[in-house]
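Participant: Handing you this structure, nothing more for now.
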Amino acid sequence: MSEFWLISAPGDKTNLQAWERMNTVTSKSNLSSNSKFHIPDLKVGTLDALVGLSDELGKLDSFAESVIKKIAQYIGEVMEDSKDKVQENLLANGVDLISYLTRFEWDMAKYPIKQPLKNISEALAKQVTQIEADLKTRSAAYNNIKGNLQSLEKKTMGNLLTRTLADIVHKEDFVLHSEYLITLLVVVPKSSYLQWQKTYESLSDMVVPRSTKMITEDAEGGLFTVTLFRKVMDDFKAKARENRFMVREFYYDEKELKCEKEELMKLASDKKQQYRQPLLPACLSTSLRNGFMVATVSGELHLAHKTEAWEKEHDLLKGPLLRWLKVNFSEAFVAWIHVKALRVFVESVLRYGLPVNFQAMLLQPNRKSVKRLRDVLNVVFKHLDEVAAASIMDPGMDIPGLQLSNQEYYPYVYFKIDLSLLD
């Protein structure tokens, strides 16, 4: 279960005995796994400041949680090819989230405890706000690249009637710069190859004999060239259509095709660099031809057809966007848990008074024993707030003078930490 309860109770002798009793009961009955949660001696300040800070920390808690969920979900989106490995990339200070939480230590260097609580809260808020702003900027840039690439990739996914031909045709396939002749591209169904070969020269007058050649084919048919005189082009198209031969509206323009290929390759490269890119041996160089990328001894690379050897022999390097997401997920998560620690400290002082003396503990409830664990905690700590304890037994009962909004209230200080960040 990825849900944890961060609770606290006074640290005097009587309550420490209550802790021991609670530990004994929950352990024997397998209700939860418990560990002490260490919070340093922070500067208390005034009561008014603590009350105001309590509200601010509640908002910051929700904000920080929303930011880390956004980052976690975005990591899942960026790792589109490895979704099963997303969880192992969600780390805090280099360790898994449960380990960080159960072994929490306050970061004295980043959040010095000699400064007022409000300063620490403001530093945490500034850090999380900056991460969210950077996330918006980076995700917008990545989504723009991805959207443009998807729209271009759609052109390469269709059949021969609709897909781009930039990566298929070559200059030598066409008669160019002729005043009289023109080369057309015709899509012929597979079942009609023989019929095409027998009839294309007679579909109209002035077709150049033996000028047809199949350039490529897909599951449905083949793409053939045919050369004829310009003045019979419309007649040829009409006759071809009657025989289920579809003429593509395509005219070879080398500059236009080159621009289209370069745009597609640039977008593919931009997207790959944002996520991950192959590490190439020094002996391999990159070159473009017809919009593809095949790794050969000569150093040509082919994006569309990677061989098994390529996949096995080359590691993948995580790109800058994924690296940024992982680093800032860790930063935001660490900040969030420090916010939780601050909330426990502030609420414990407000609830239990001065001098500061409380014990914080982290409980990981057994999924099947949540209600029973809550009942045990209520029994053990009901002496801390008899009215609150009674209200738990009777949910319809109001607690006079206590403005709780939708917050859960118990005799002890309680905050939930849910690590289900990808749901």
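Participant: Tell me which of TYR193, LEU165, TYR142 sits at the most positive position along the dipole axis of the stretch 138-231, charges placed on C-beta atoms (Lys, Arg +1; Asp, Glu -1).
Facilitator: With unit charges placed on the Cβ atoms, the residue in question is TYR142.
Participant: Among 207-217, 374-384, how do they line up by average Cβ neighbours within 10 Å per residue, starting with the highest?
Facilitator: Sorting 207-217, 374-384 by mean packing, highest first, produces 374-384, 207-217.
Participant: Quick check: net charge around ASP173, other residues with Cβ under 14 Å of its Cβ, Lys/Arg +1 and Asp/Glu -1?
Facilitator: My count for the surroundings of ASP173 gives -1.
Participant: Order these peptides, 218-227, 99-108, 331-340, by their mean beta-carbon neighbour count within 10 angstrom, highest first.
Facilitator: 331-340, 218-227, 99-108
Participant: Cα gyration tensor of the stretch 177-251, axes a ≥ b ≥ c as square roots of the eigenvalues: rounded (a/c below 1.5), prolate (a/b > b/c) or oblate?
Facilitator: Judged from the Cα gyration tensor, the stretch 177-251 comes out prolate (a/c at least 1.5, a/b above b/c).
Participant: Moving on. Of the listed peptides 324-330, 117-123, 166-172, what is their order by residue-averaged count of other C-beta atoms within 10 Å, with the highest listed first?
Facilitator: Going from most to least packed, we get 324-330, 117-123, 166-172.
Participant: Which residue, chosen from LEU60, VAL86, LEU16, occupies the Cα position most advanced towards the positive end of the dipole of the stretch 5-94, where the dipole is computed from +1 (Lys, Arg) and -1 (Asp, Glu) charges on Cβ about the Cα centre?
Facilitator: Farthest towards the positive end: LEU16.
Read-outs: derived from the displayed coordinates by stated rules, not from any lab. Because the structure is a prediction, the values reported are computed rather than measured. FYI the Cβ positions are ideal-geometry reconstructions off the backbone, even for glycines, and counts take in every protein chain you see.
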